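K.L.:
Input: one structure, supplied below.
The values are calculated or read from the model by the stated rules, or taken from the named source; none is laboratory data. Being a predicted model, the structure only gives us computed values, none of them experimental. Reconstructed Cβ throughout: ideal geometry from the backbone, glycine too, with neighbour counts over all protein chains shown. To get the accessible areas, we keep the full protein, side chains included, count just its heavy atoms, and leave off ligands, DNA and RNA. Shrake-Rupley method; radii C 1.70, N 1.55, O 1.52, S 1.80 Å.
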Amino acid sequence: MIRPEPPSASATNEVSRFWGGNFAGPGQFFSVGNIVRFDASPPPANFPFPHATEDRLVDLSKPMDVLGQLTLLQTAQAVAGGTSPTLEAAFDGGLVRAASNKAYVLEGHIGRSLGAIEITADQIQFHVATNPNNGKQ
């Protein structure tokens, strides 16, 4: 996996590392299932690991092409070969679990910050923090 970032991405400005709606989202270049081609370069030396493992700065001065579009099933099949057997393997042994059971990879870990595992729907929960000082909803 790679993480394509805008050419203006900065290690010190988190917001600069996200694409706007003119590039990302349904019907845009970076849309789920799109098969795309673009030129990109590795990030500058000051980009922190582990994210720097996958970060790539897209060169917007060169052609960017959508070569095709996969259905959700085709997308799942296409990425299946990139899954890891466990979360720990997905992050090259860098996964840390806090007392809260929150999992993360420490800054500076030389290894992947992107990974995939296969799970069933009953194995995942989503939480929305309504107030950072007040727990989860």
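K.L.:
Considering only residues that are part of a helix (DSSP H, G or I) and loosely packed, with under 13 Cβ neighbours inside 10 Å, look in the range 63-75 and name the one that is nearest to the chain's Cα centre (by Cα).
P.N.:
The extreme case among them is L72.
K.L.:
Out of I117, I110, which single residue is touching a Ser or Thr at 6+ places or on another chain (Cβ under 6 Å) and of a type outside the set (K, R)?
P.N.:
Just one listed residue meets the conditions, I117.
K.L.:
Of the numbered conditions (1) in contact with a helix residue (DSSP H, G or I) (Cβ under 9 Å, 6 or more places away or on another chain); (2) on the phi > 0 side of the Ramachandran plot; (3) not polar (S, T, N, Q), G27 satisfies every one except a single condition; which is it?
P.N.:
So G27 meets the others, but not (1).
K.L.:
Moving on to the next point. In the list A121, A98, which residue meets the criterion of being modelled with pLDDT under 90 and either more than 25 Å from F18 (Cα to Cα) or in contact with an Asp or Glu (Cβ under 6 Å, 6 or more places away or on another chain) (or both)?
P.N.:
Going through A121, A98 in turn, the sole match is A98.
K.L.:
Moving on to the next point. Of all residues being in contact with a helix residue (DSSP H, G or I) (Cβ under 9 Å, 6 or more places away or on another chain) and of a type in the set (S, T, Y) in the range 67-112, which is farthest from P26 (Cα to Cα)? Just the residue, please.
P.N.:
Per the criteria, the residue is S84.
K.L.:
Out of G33, G82, G20, I need the residue that is on the phi > 0 side of the Ramachandran plot and out of contact with any His (no Cβ under 7 Å at 6 or more places or on another chain). Which one?
P.N.:
G33
K.L.:
Of everything in the range 1-32, what is closer than 29 Å to A76 by Cβ, of a type outside the set (D, E, K, R) and surrounded by 14 or more Cβ atoms within 10 Å (Cβ to Cβ)? Give them in sequence order.
P.N.:
P4, P6, A9, W19, F23, A24, Q28, F29, F30, S31
K.L.:
Does the range 33-62 hold any residues that are touching a residue at least 40 places away in the same chain (Cβ under 8 Å) and either in a loop (DSSP other than H, G, I, E, B) or open to solvent by 70 Å² or more (accessible area, probe 1.4 Å) (or both), and which are they?
P.N.:
G33, P48, F49, P50, H51, E54, D59, L60
K.L.:
Please determine, by comparing only the residues of the range 76-105 that are β-branched (V, I, T) and over 19 Å from E118 (Cβ atoms), which one is surrounded by the most Cβ atoms within 10 Å (Cβ to Cβ).
P.N.:
V105
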